[in-house]
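Okay, structure first, notes after.
The values are calculated or read from the model by the stated rules, or taken from the named source; none is laboratory data. Note that this is a predicted model, so its numbers are computed, not measured. Neighbour counts are summed over all protein chains in view; Cβ atoms, including those assigned to glycine, are modelled from backbone coordinates with ideal geometry.
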Amino acid sequence: MFRKIVIALTACLALSACNRPEDAKAPSQGVQIAGAGATFPAPLYAKWAEAQKAETGLALNYQAIGSGGGIKQIKAKTVAFGASDKPLKPEELDEAGLIQFPTVIGGVVPVVNIPGIAGGQIKLTGPQLADIYLGNTKKWNDPALVAANPGVALPDLPITVIHRSDGSGTSFLFTSYLTAVAPKWAVVGANDAVKWPTGQGGKGNDGVAGFVKQTPGSIGYVEYAFAKMNNMAHVRLQNPSGNFVEPTAGSFAAAAASADWSKAPGFYLLLLNAPGTDAWPITGATFALMHKSQPDAATGKAVLAFFDGAFRKGDEAANALAYVPLPADLKAQIRSSWSAIVGPDGKPVFTPAP
Amino acid sequence: MTADASVLIAADAPRSARGTGLDRAFEILCFTAATFLLAALGGLIVSLMIGGWPAFAHFGIGFFFSAEWDPVKEIYGAAGAVTGTLVTATLALIFALPLALGVAIFLVELCPSRLRRPIGTAVELLAGIPSIVYGMWGLFVFAPWFSKHVQMPIMMSAEPGTLWETLTTGVPNGSGILSASLILAVMILPFMAATLRELFLTIPPQVRESAYGLGSTTFEVIDKVSLPYIRTGAIGAVMLGLGRALGETMAVTFIIGNSHGFPTSMFASGSTIASTIANEFAEATGVLHTSSLIALGLVLFVITFIVLALARVLIGKQANL
């Protein structure tokens, strides 16, 4: 019996030893680039990669390990590009020798479950949203909410606050927005995970959505794409122009278009409270991170060619998946920023076609 | 008879050179396997200690006693998560143990032999369901049902101002400490039932049949003969179930409500060590945040070790009796 096992093991070892040289000899089929980071853009990157693989043979291996992981991986140089929903500050970029640029726009939508009230019926201002998430506003028929929503029959129902339990770019954007609009929110602060004063945490967008659907009187927040795909009852938010806007592809695009990216070094810009009259106030981009000096020019070139191709031909795919493509002038600014990414010879690794 | 004789002859025969060579190789193989495991374990402890050191150095002993968890201000304490872990695992064990015993006894002593195999296989199959599936089921199926039929009636019946009311406050959507414990109980139940069944099957038939022969009822046989016979092994099975409940991650994360701090009622949201790590590790960028999560991992490791050590002590005591 034992002898059989030993023979089998030896055979396995021998076989695996035989395999190794074959692997080494296998021709590399096209160029492969490795990326890692945010989960939010992962479905879109996969779609873009699929299209480009068919066209140019460029293969992308993207691991959706989370923004924090993406930042760690790119700093450790284990991937060709990192991806993060939370932009690094210009000084952090300089310190690590990184460059970052937005790749696609998304946003956060507060969703509610109030019996008898449909999506888009409830209007909220930023400070009101902050009061709800601070636990100061406890019931839906709170005088402040009733006054802001004339004609809507708000029920006498306690408000249940639902937030993300996992660290996420969605929470970062949401808490950054509350920090920006409500001085009171400073006690909590903005981060991808915070100490929530009240409420329950659901894991991921589906966890939040699950709790909201099951709890009458609850309010949560999810990514725009998720809210749209799942037809959740959303809230209309007041933007700095005083308009109560709906979360639509148009209002996210308006936010992206009205932002002044040229004055943001390292594209460090959160599209919160963008000035456009139709702009959705909680909008944000997701970012790609690369090293300024590329040890291997071919890899750097392949990454930039991937995003260049995606910017040229990928808008339709983005729209189909409920992401919002970047405006054209921002794409131009990003392309010109790529000249800072150089190979070992000090020359830019990729020069986009005009 | 002839077969026995040949075995005896083979055992007496001088060992062939090839045989001893194989013995030596086998010895080395086994020794490597055992030491490799030990080295991996040691490496794990050392790396957890190194990773968690910044948190221990920064917060000191207070790390274990503070329930504050604030990633913005970079203040971390393990007490909330440790409490959540111990409470959910203990409750799960309390719910699961009587059921697991019942399943095992039914399968071995009472079940018609035609049903024995299908039910036994079904129990073992339950143990193989991935925990994420339990989590999804818990969130989308169990929680709404639990809220409507258990939580709401209890919350409604509680008189305002009483201790009972404090113990039953919470968000009426079926999530929280108690729901997480129940899901955990379902998860460890098949595992414990399968182990207990195996233990019951190790009882020699003569022992039970003698008891029956003396005129014992089925209950008396189970109570006076079977249970005492397997007690030592049963403690091991229970502790292994507890170990699984302590470390369970995904299912708990979905259903426990994920709020840091001490849970104050059975329907309150809480967190466990494993759920906190699962929630925050991927996005943790700060040194102190990452380190605190690794330190939590070390704490869980220590808790599991204590549970196993306790099991050893209990088994030792039983053996001496």
Only one of A:LEU93, A:LEU173, A:LEU129 is in the same structural domain as A:LEU289 (by TED's automatic domain parsing), at pLDDT 90 or above and hydrophobic (A, V, I, L, M, F, W, C). Can you tell me which? A:LEU93
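Quick one: in the range B:157-187, of everything that is of a type in the set (S, T, N, Q) and not in a loop (DSSP other than H, G, I, E, B), which residue is farthest from the other protein chains (Cβ to nearest Cβ)? Spell out the reasoning first.
In the first step, residues of the range B:157-187 are kept if they are of a type in the set (S, T, N, Q); the result is B:157, B:162, B:166, B:168-169, B:173, B:175, B:179, B:181.
Next, only the ones that are not in a loop (DSSP other than H, G, I, E, B) stay: B:157, B:166, B:179, B:181.
On the way: B:SER157: 18, B:THR166: 17, B:SER179: 12, B:SER181: 17 Å.
The extreme case among them is B:SER157.
Does the range A:155-170 contain any residue that is touching a residue at least 24 places away in the same chain (Cβ under 8 Å) and away from chain B (no Cβ under 14 Å)? Give the derivation first.
Residues of the range A:155-170 that are touching a residue at least 24 places away in the same chain (Cβ under 8 Å), as a first pass: A:155, A:157-170.
So of that shortlist, the ones also away from chain B (no Cβ under 14 Å) come out as A:155.
Yes, the range A:155-170 has at least one match.
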Within the range B:22-30, is there a residue that is at pLDDT 90 or above, of a type outside the set (Ser, Thr, Tyr) and either touching a His at 6+ places or on another chain (Cβ under 7 Å) or within 25 Å of B:LEU296 (Cβ to Cβ) (or both)? no
For A:ALA153: the one exception among (1) of a type in the set (Gly, Ala, Ser); (2) assigned to a loop (DSSP other than H, G, I, E, B); (3) out of contact with any helix residue (DSSP H, G or I) (no Cβ under 6 Å at 6 or more places or on another chain); (4) closer than 30 Å to A:ALA320 by Cα: (4)
If B:GLY51 meets every condition in (1) touching a Ser or Thr at 6+ places or on another chain (Cβ under 7 Å); (2) crowded, with 19+ Cβ neighbours inside 10 Å; (3) more than 30 Å from B:MET266 (Cβ to Cβ) apart from one, which number is that one? (2)
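Going through A:SER293, A:SER251, A:SER336 one at a time, which residue ends up being out of contact with any helix residue (DSSP H, G or I) (no Cβ under 8 Å at 6 or more places or on another chain) and not assigned by TED's automatic domain parsing to the domain that holds A:LYS86? Walk me through it before giving the result.
Details: A:SER293 fails: not assigned by TED's automatic domain parsing to the domain that holds A:LYS86; A:SER336 fails: not assigned by TED's automatic domain parsing to the domain that holds A:LYS86.
Matching residue, one of A:SER293, A:SER251, A:SER336: A:SER251.
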Looking only at the range A:260-276, count every residue that is in contact with a strand residue (DSSP E or B) (Cβ under 9 Å, 6 or more places away or on another chain) and without any contact (Cβ under 8 Å) to a residue 40 or more places away in the chain and tell me the total. 1
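Taking into account only those residues within the range A:183-228 that are among the basic types (Lys, Arg) and touching a residue at least 60 places away in the same chain (Cβ under 8 Å), which is farthest from the other protein chains (Cβ to nearest Cβ)? Talk me through it step by step, then tell me what you get.
So in the range A:183-228, the residues among the basic types (Lys, Arg) come out as A:184, A:195, A:203, A:213, A:228.
Among the residues that remain, those that are also touching a residue at least 60 places away in the same chain (Cβ under 8 Å) are: A:213, A:228.
Values: A:LYS213: 9, A:LYS228: 20 Å.
Filtering first and then ranking leaves A:LYS228.
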Where in the range A:191-263 are the strands (runs of 3 or more DSSP E), entirely inside, with at least 2 residues that are aromatic (Phe, Trp, Tyr)? none
Out of (1) assigned to a loop (DSSP other than H, G, I, E, B); (2) closer than 20 Å to A:GLN238 by Cβ, what's the single condition that is false for A:LYS86? (2)
Answer with yes or no whether B:ALA78 is in the same structural domain as B:LEU246 (by TED's automatic domain parsing), closer than 18 Å to B:GLY286 by Cβ and at pLDDT 90 or above. yes
Which one of these does B:HIS149 not meet: (1) in a helix (DSSP H, G or I); (2) in contact with a Pro (Cβ under 8 Å, 6 or more places away or on another chain)? (2)
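Give B:LEU227, B:LEU242 a once-over and let me know the one that is without any contact (Cβ under 8 Å) to a residue 12 or more places away in the chain and either in the same structural domain as B:GLY80 (by TED's automatic domain parsing) or closer than 29 Å to B:TYR134 by Cα (or both).
Details: B:LEU242 fails: without any contact (Cβ under 8 Å) to a residue 12 or more places away in the chain.
Just a single option satisfies the conditions, and that option is B:LEU227.
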Which numbered condition in (1) of a type in the set (Gly, Ala, Ser); (2) in a helix (DSSP H, G or I); (3) closer than 20 Å to B:LEU298 by Cβ is the only one that B:ALA67 fails? (2)
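Among the listed residues A:GLY266, A:GLY346, A:GLY309, identify the single one that is surrounded by fewer than 19 Cβ atoms within 10 Å (Cβ to Cβ) and not in a loop (DSSP other than H, G, I, E, B).
Numbers: A:GLY266 fails: surrounded by fewer than 19 Cβ atoms within 10 Å (Cβ to Cβ); A:GLY346 fails: not in a loop (DSSP other than H, G, I, E, B).
Among A:GLY266, A:GLY346, A:GLY309, only A:GLY309 is surrounded by fewer than 19 Cβ atoms within 10 Å (Cβ to Cβ) and not in a loop (DSSP other than H, G, I, E, B).
Any idea which of B:PRO204, B:PRO190 is closer than 23 Å to B:ILE315 by Cα, in contact with a helix residue (DSSP H, G or I) (Cβ under 6 Å, 6 or more places away or on another chain) and away from chain A (no Cβ under 11 Å)? Write out each step before concluding.
Working: B:PRO204 fails: in contact with a helix residue (DSSP H, G or I) (Cβ under 6 Å, 6 or more places away or on another chain).
None of the other options fit; the residue is B:PRO190.
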Could you run through the range A:47-67 and say how many residues are more than 16 Å from A:VAL31 (Cβ to Cβ) and either in contact with a Leu (Cβ under 8 Å, 6 or more places away or on another chain) or touching a residue at least 40 places away in the same chain (Cβ under 8 Å) (or both)? 3
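Answer with yes or no whether A:VAL152 is β-branched (Val, Ile, Thr) and under 22 Å from A:LEU271 (Cα atoms).
On the way: β-branched (Val, Ile, Thr): yes; under 22 Å from A:LEU271 (Cα atoms): no.
No: the conditions fail for A:VAL152.
When you check B:THR85 against the structure, is it of a type outside the set (A, V, I, L, M, F, W, C) and surrounded by 19 or more Cβ atoms within 10 Å (Cβ to Cβ), yes or no? Walk me through it before giving the result.
Working: of a type outside the set (A, V, I, L, M, F, W, C): yes; surrounded by 19 or more Cβ atoms within 10 Å (Cβ to Cβ): yes.
So B:THR85 passes the test.
If you check A:GLU50, A:GLU95, A:GLU91, which single one turns out to be more than 20 Å from A:LYS301 (Cβ to Cβ), within 14 Å of another protein chain (Cβ to nearest Cβ) and in a helix (DSSP H, G or I)? Even if it seems obvious, please write down each step before you answer.
Working: A:GLU50 fails: within 14 Å of another protein chain (Cβ to nearest Cβ); A:GLU91 fails: within 14 Å of another protein chain (Cβ to nearest Cβ).
Being more than 20 Å from A:LYS301 (Cβ to Cβ), within 14 Å of another protein chain (Cβ to nearest Cβ) and in a helix (DSSP H, G or I) holds for just one of A:GLU50, A:GLU95, A:GLU91, which is A:GLU95.
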Please determine whether any residue of the range B:256-279 is surrounded by fewer than 18 Cβ atoms within 10 Å (Cβ to Cβ), more than 12 Å from chain A (Cβ to nearest Cβ) and not hydroxyl-bearing (Ser, Thr, Tyr). yes
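Which residue out of A:ALA322, A:ALA288 is closer than 15 Å to A:PRO41 by Cβ, at pLDDT below 90, crowded, with 18+ Cβ neighbours inside 10 Å and not polar (S, T, N, Q)?
Values: A:ALA288 fails: at pLDDT below 90.
Result of the check over A:ALA322, A:ALA288: A:ALA322.
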